[in-house]
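The values are calculated or read from the model by the stated rules, or taken from the named source; none is laboratory data. Fair warning: this is a prediction, and the values are worked out from it, not measured in the lab. In this analysis, Cβ positions are derived from the backbone assuming ideal geometry, glycine residues included, and neighbour counts consider all displayed protein chains.
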Amino acid sequence: MRAWDGVVQQKAYEIGLGDGSSNMMWPLVVYFVLVLLLVAVMLLVSHVLGQRHLSPATASPYEAGIVSEGSARLRFSANFYLIAMFFVVFDVEAVILFSWAIAARESGWAGFWDAAIFARAGLERIDLRPPMSITLDWMLPAPAQGAIVAVCRENDQFAHDACRHFNDEETERCTRIERDFLRKLLGGCSTPISALAEIKGSQVHFKGNILSLDGREKVEIEKVVEAKNSTNLGKLAAEDLLAQGGEEIAEEIRHATK
């Protein structure tokens, strides 16, 4: 689990319903009222229009005038329940595939590969990755990708102290370097900028790149420094990348996003 500084140094505002809570709740209230009315109407109609047979056969398992023999309870094999579960799984899967099929038409191949990479990460997390799968070791992640961040108010010292207990210092260092790299390049979530910082022994290994919007041009940077000297690694790596030809690509991205 990656955590960045345990606490992000930014102000997070409390979210509440406020004065508009009644406007947000009334559709839910109406929905539940309609459901209760529908159930009541169905019970009332069945009570009024339903037939009643006051005979000894009414209490028998099969109300057909024939006295049943033995128990009406049947013992099913475990295979029956297993097959039933498979049917449920396939039905749920069909619903998911239907939504994916609709989304794939809009997202295209880019969306397909996004979903594939996301699925691969999930399979690795639960140790179900197929043995025949391949690793795209040439692809770097987005800066601070996968980091789990705890956000609290600036003046909430209690929350700050609580977050420090589960903060991972190595992850904090790597994530901060990656974000400094992104910030120096003035990039955002949608810009083609990648970065990966890893601590190996007493050193920090950093890789970063920036690509043009059409993917035809790419400028890369790699640096290895001692961990104790890695405070400004992200910023220095970004400056070197800009000096090596990344400035033109960065300008292209800035003009395209204006």
Exercise. Of all the strands (runs of 3 or more DSSP E) wholly in segment 157-248, which have at least 2 residues that are more than 16 Å from Gln145 (Cβ to Cβ) and touching a strand residue (DSSP E or B) at 6+ places or on another chain (Cβ under 6 Å)?
Worked result: 203-211, 218-226
For this session: State all residues of segment 206-251 that are within 28 Å of Glu170 (Cβ to Cβ), surrounded by 21 or more Cβ atoms within 10 Å (Cβ to Cβ) and either out of contact with any helix residue (DSSP H, G or I) (no Cβ under 7 Å at 6 or more places or on another chain) or not small (Gly, Ala, Ser) (or both); if no residue qualifies, say none.
Result: Phe206, Ile210, Ile221, Leu233, Leu241, Gly246
Seminar exercise, completed: Tyr31 vs (1) modelled with pLDDT under 75; (2) aromatic (Phe, Trp, Tyr); (3) over 30 Å from Leu213 (Cα atoms): all pass except (1)
Exercise. Which residue out of Asp137, Asp180, Asp168 is at pLDDT below 85 and not aliphatic (A, V, I, L, M)?
Worked result: Asp137
For this session: Name the residue, out of Ala227, Ala147, Ala159, that is hydrophobic (A, V, I, L, M, F, W, C) and free of Cβ contacts under 8 Å to residues at least 60 places away in the same chain.
Result: Ala227
